[in-house]
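Starting off with a structure, shown below.
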Amino acid sequence: MSVVRKALATVLWYAREVTGETEYERYCARHRSHHPDAPPPTRREYQRLRTQRRECESPSRCC
């Protein structure tokens, strides 16, 4: 039974990594270590900031 649980945990971990679900958790951990007095942004605020950053950093294209 433990082999099945371990395999399921591995599959779930992989799925969360691939879909980007763990990015916010890693961001919050990093934010707490660098800015312990400031509260981390909510998940929605984080997604908005991430989208804005990606739009600004994207290379311009001719087409």
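What follows is calculated from the coordinates using simple rules that are stated; it is not laboratory data. Quantities reported herein were computed from a predicted structural model and do not represent experimental measurements. Don't worry about glycine lacking a Cβ; one is built from the backbone with ideal geometry, like all the others, and counts go over all protein chains shown.
Summing Lys, Arg as +1 and Asp, Glu as -1, what charge do residues with Cβ under 14 Å from the Cβ of Cys28 carry, Cys28 excluded? Write out the running numbers ahead of the final one.
Details: positive: Arg26, Arg30, Arg32, Arg43, Arg44, Arg50; negative: Glu21, Glu23, Glu25, Glu45.
Result for the neighbourhood of Cys28: +2.
Tally Lys and Arg at +1 and Asp and Glu at -1 over the other residues with C-beta under 14 Å from the C-beta of Ala15: what net charge comes out? It would help to have the intermediate numbers written out before the result.
Details: positive: Arg16; negative: Glu17, Glu21, Glu23.
Taking every other residue near Ala15 into account, the sum is -2.
Against the globular-protein guess of 2.2 N^0.38 Å, express the Cα radius of gyration of the chain as a ratio, rounded to two decimals.
Values: Rg = 16.8 Å, N = 63, 2.2 N^0.38 = 10.6 Å.
Dividing the Cα Rg of the chain by 2.2 N^0.38 Å gives 1.59.
On to the next question. What distance in nm separates the two pseudo spin-label positions at His34 and Arg54, each 7 Å out from Cα along the beta-carbon direction?
Once both label points are built, they end up 1.9 nm from each other.
Kindly provide the helix-only [θ] at 222 nm of the chain, computed as the sum of -39,500 (n - 2.57) over DSSP H runs of four or more divided by all residues, to the nearest 500 deg cm²/dmol? Spell out each step's value before the answer.
Numbers: 3 runs with 45 residues, N = 63.
The per-residue figure over the chain is -23500 deg cm²/dmol.
A further question follows. Please name whichever of Leu12, Met1, Ala29 sits farthest to the positive end of the charge dipole of the chain, dipole taken about the Cα centre and charges placed at Cβ: Lys and Arg +1, Asp and Glu -1.
Met1
Please give the net charge around Thr51, taking every other residue with its beta carbon less than 15 angstrom from that of Thr51, where Lys and Arg add +1 and Asp and Glu add -1. Walk me through the intermediate numbers first.
Numbers: positive: Arg43, Arg44, Arg48, Arg50, Arg53, Arg54; negative: Glu23, Glu45, Glu55, Glu57.
Net charge around Thr51: +2.
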